[in-house]
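Working notes for the structure below.
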Amino acid sequence: MKQLPKEYYTLLEELQALDFTILELNLYLDTHPGDKATVEQYNTLTGARKKVKKEFEKQFGPLTSFGYSYSPYPFHWKEAPWPWQV
Amino acid sequence: MWIYEKKLQYPVRVSTCNPKLAKLLIEQYGGADGELAAALRYLNQRYTIPDKVIGLLNDIGTEEFAHLEMIATMVYKLTKDATPDQLEAAGLDRHYVDHEKALHYHDAAGVPWTATYIQAKGDPIADIYEDIAAEEKARATYQWIINLSDDPDLNDGLRFLREREIIHSQRFREAAQILIEERNRKKIF
């Protein structure tokens, strides 16, 4: 297991918590697309998630590849630990 | 297309090396009612299910892969420090001679995963009821594993997964109602 600063786990959990709510709203909206208030909530949290992801990646490396995150040189994809290694 | 994100859906922690628990947990990896079966079932059924519930099958199917990764992480962490002797004592000697500590898609009794565990009937009601049953069976399996587990850190992750089965079951029950209403509407003509 890699030794990681406490901040890694804090930011990761923040993202996991946001994603939990986003997922729940998403599954609900799959069968209730006309619920305006929930769509607004979904979009607000999507914005919040983008910010936390950016902050996490600045410190610990890209969370996504395939063009969904920018990479510094050299290619940084393997920098952040794999989730089963933490 | 799927995009991988380098994080688990929910944190996975284990208290100690415990290959015996890993041997039980693998049921949810490659067993009949496990996460692999769930993911492959929903993502395969979605092509022919009515439009109104495609999104739900697509998104729950995708979430199942996140659960599969959590189970794999649990099994990996429970076995990574085990010696061959410890694996043998836990009844994993037959797994060890074929796979060392690598994971493999089989159930707690070592039976390899097979597509005969899942169905796609092409009948929307039949398919969605299979999906509800699948979630309930997976929920029960999580409960039986929790009953046998003495690892409080692991149980935290298992309880999260058990709750997700309940949510999915409820979402699918609602989808069943939507499909029934749609079928009844069509009968008017």
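Here are the numbers:
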| item | result |
| --- | --- |
| Residue pairs, from the table A:K51/B:K52; A:K50/A:K78; A:K6/B:K77, whose Cα atoms sit over 26 Å apart | A:K51/B:K52 |
| Rounded to 10°, Cα long-axis angle of helix A:36-60 versus longest principal axis of chain A | 0 |
| Amide H contacts under 5 Å for B:H106, placed H, 5+ residues apart | B:G30, B:W113 |
| Rounded to the nearest 20 debye, dipole of the protein assembly as shown from Cβ charges on Lys, Arg, Asp, Glu | 620 |
| Backbone HN-Hα couplings from phi across the range A:67-84 [Karplus 6.51/-1.76/1.60, Hz, Gly and Pro as x] | x, 8, 9, 6, 10, x, 9, x, 3, 9, 4, 7, 5, 5, x, 6, x, 7 |
| Fewest-first sequence of B:R46, A:R49 by Cβ atoms within 10 Å of each Cβ | A:R49, B:R46 |
| B:N44 versus A:W77: modelled label distance in nm, points set 7 Å from Cα along the beta carbon direction | 2.9 |
| Euclidean distance of C-alpha centroids, the range B:110-155 and the range B:1-78, integer Å | 10 |
| Chain B, relative contact order [Cα under 8 Å, separation at least 6], % | 30 |
| All lysines inside 23 Å of B:K137 as judged from Cα atoms, apart from same-chain residues fewer than 8 positions distant | B:K20, B:K23, B:K121 |
| Under Karplus coefficients 6.51, -1.76 and 1.60, residue-wise ³J(HN,Hα) of the range B:19-36 in Hz, glycine/proline x | x, 5, 5, 4, 4, 6, 5, 4, 3, 7, 8, x, x, 4, 10, x, 6, 4 |
| Taking A:Y8, B:Y4 and counting other C-beta atoms within 10 Å, the order from fewest to most | B:Y4, A:Y8 |
| Spin-label pair B:K121/B:I166, simplified geometry with 7 Å Cα→Cβ offset, distance in nm | 2.8 |
| Label-point separation, B:R185 to B:Y4 (7 Å along Cα→Cβ), nm | 4.1 |
| Helix B:124-148 axis, angle to chain B major axis (alpha carbon atoms, nearest 10°) | 20 |
| For A:F20, B:F160, B:F172, order by how many other beta-carbon atoms lie within 10 Å, fewest first | A:F20, B:F160, B:F172 |
| Residues with amide H under 5 Å from that of A:S65, placed H, sequence gap 5 or more | B:Y4 |
| Farthest toward positive dipole pole in the protein assembly as shown [+1 Lys/Arg, -1 Asp/Glu at C-beta], among B:A90, B:S169, B:I180 | B:I180 |
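FYI, it's all coordinate maths here, none of it is from the lab. On a predicted model such as this, the values are computed, not experimentally measured, just so you know. With ideal geometry, Cβ positions are generated from the backbone for all residues, glycine too; neighbour counts draw on all protein chains shown.
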